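The values are calculated or read from the model by the stated rules, or taken from the named source; none is laboratory data. Computed from a prediction, not measured in an experiment: that's the story for all the values here. Here the Cβ positions follow ideal geometry from the backbone for every residue, glycine too, while neighbour counts run over all protein chains shown. Note: areas computed on protein heavy atoms with side chains; ligands, DNA, RNA excluded. Shrake-Rupley method; radii C 1.70, N 1.55, O 1.52, S 1.80 Å.
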Amino acid sequence: MKLGTALAAAALITVLVPVAVAEDLKPVQLPPPRTDGGKPLMLALKQRATSRAFAPDPLPLQTLADLLWAAWGINRPGEGKRTAPSARNWQEIDLLAVDAKGAWRYDAAANTLEPLVAGDLRALTGSQEFVKEAPLTLVFVADPARMKGADGASREAYAWADAAFISQNVYLYCASEGLATGVRAMVDRPALARALGLPAERIVVFAQSVGYPRR
């Protein structure tokens, strides 16, 4: 095989493999989130904490649906607005769910998880050992194309702030439901972005593990 032909074939494989892998997963229709109940806000704030010790048990689908809605769901359907604020209502953050089976993107409007790539990528979501043990990691990814009117220097600052609002919602939900969680910025962003098949312009902000406390 000529060198040029080989390089072209390799490039084609690089493009096609993430798509083929994603096809191994199916979209997940989440149950309607339960938007009542839970602990009083002041008690949840009192119990909010970071954990690095997780039981391996997966979260029930209903709990996952409630968690994602609390984090970044739509709470005003008529306006399409969310449970967390974003600068100029850009809603530039994509919330990805990574578990032992693969990675999905949370579609709040459809209340679904859309498949991205199959395979266990949890070890790529942080440098600490516990990231491989937590059953779920949320990855916060910003799309600068949605940030109309922001200059390049300020886009990352907006992305970090908006992702942090979502992260705090995760913390409060976990405090309310007796779950463990911990956010981290120690992520090999280029490696994780490649594994997820993200476009080059996307910004991996940080990651947050969620699970039952290890006893």
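When we measure straight from the Cα of residue 26, which lysines land under 20 angstrom away, once same-chain ones fewer than 8 places off are left out?
Output for residue 26: 101.
Convert each backbone phi in the range 170-177 into a coupling constant with the Karplus relation 6.51 cos²θ - 1.76 cosθ + 1.60 (shift: θ = phi - 60°), then list the ³J(HN,Hα) values in order as whole Hz, x for Gly and Pro.
4, 4, 5, 4, 5, 4, 5, 9
Taking the Cα-to-Cβ direction at residue 185 and at residue 160 and moving 7 Å from each Cα, how far apart do the two end points lie in nm?
0.4 nm
Using a 1.4 Å probe, what is the accessible area per residue for the chain, in Å²? All intermediate terms of the calculation are to be shown ahead of the outcome.
Working: 10980 Å² over 215 residues.
Result: 51 Å² of accessible area for each residue.
If I take R0 = 45 Å and measure r between the Cβ atoms of residue 128 and residue 24 in this structure, what FRET efficiency does the formula 1/(1 + (r/R0)^6) give, to the nearest 0.05?
Details: r = 28 Å, r/R0 = 0.62.
Computed FRET efficiency for residue 128 and residue 24: 0.95.
Amide H neighbours of residue 54 under 5 Å, counting only residues 5+ apart in sequence or on other chains, H built in-plane at 1.01 Å?
So residue 54 has HN proximity to 214.
What does the net charge come to around residue 100 if you take all other residues with beta carbon closer than 10 Å to its beta carbon, with K and R at +1 and D and E at -1? Before the final figure, lay out each step's value.
Working: positive: 101, 122, 132; negative: 99, 120.
Spelling it out: positives minus negatives among the neighbours equals +1.
Step through the residues of the range 94-105 one at a time and calculate ³J(HN,Hα) from phi using the Karplus curve (6.51 cos²θ - 1.76 cosθ + 1.60, θ = phi - 60°), rounding each to whole Hz and writing x for Gly and Pro.
Each residue of the range 94-105 in turn: 9, 9, 9, 10, 10, 9, 5, 8, x, 10, 10, 9 Hz.
What net charge do the residues around residue 147 carry, taking every other residue with its C-beta under 9 Å from that of residue 147, with Lys and Arg at +1 and Asp and Glu at -1? Walk me through the intermediate numbers first.
Values: positive: 88, 146, 148, 155; negative: 92, 143.
That sum, taken over residues with Cβ under 9 Å, equals +2.
Determine ³J(HN,Hα), in whole Hz, for all residues of the range 46-51 in sequence, where each value follows from phi through the Karplus function 6.51 cos²θ - 1.76 cosθ + 1.60 and θ = phi - 60°; x replaces Gly and Pro.
Here the 3J(HN,Hα) series is 5, 9, 4, 7, 9, 10 Hz.
Which value at 222 nm does the chain reach when only helices count, each DSSP H run of 4 or more adding -39,500 (n - 2.57), with the total divided by all residues and rounded to the nearest 500 deg cm²/dmol? If you can, show how the numbers build up before the last one.
Details: 5 runs with 73 residues, N = 215.
Value at 222 nm, helices only: -11000 deg cm²/dmol.
Near the amide H of residue 117, under 5 Å away, which other amide H atoms are found, from residues 5 or more places off or on another chain, if H is placed in the peptide plane?
Amide H to amide H, under 5 Å and 5 or more residues apart or across chains, residue 117 pairs with 103.
Net charge near residue 123, counting Lys/Arg +1 and Asp/Glu -1 over other residues with Cβ under 11 Å of its Cβ?
Details: positive: 122, 132; negative: 120, 129, 133, 188.
Computed value for this residue: -2.
If the chain between residue 46 and residue 101 were fully stretched, how many nm would it gain, using 0.36 nm times the residue separation less the Cα-Cα distance? Could you put the intermediate results ahead of the total?
Details: separation 55, 0.36 × 55 = 19.80 nm, distance 3.39 nm.
Between residue 46 and residue 101, full extension yields 16.4 nm more.
Rank these by accessible area, largest first, 1.4 Å probe: 81, 46.
46, 81
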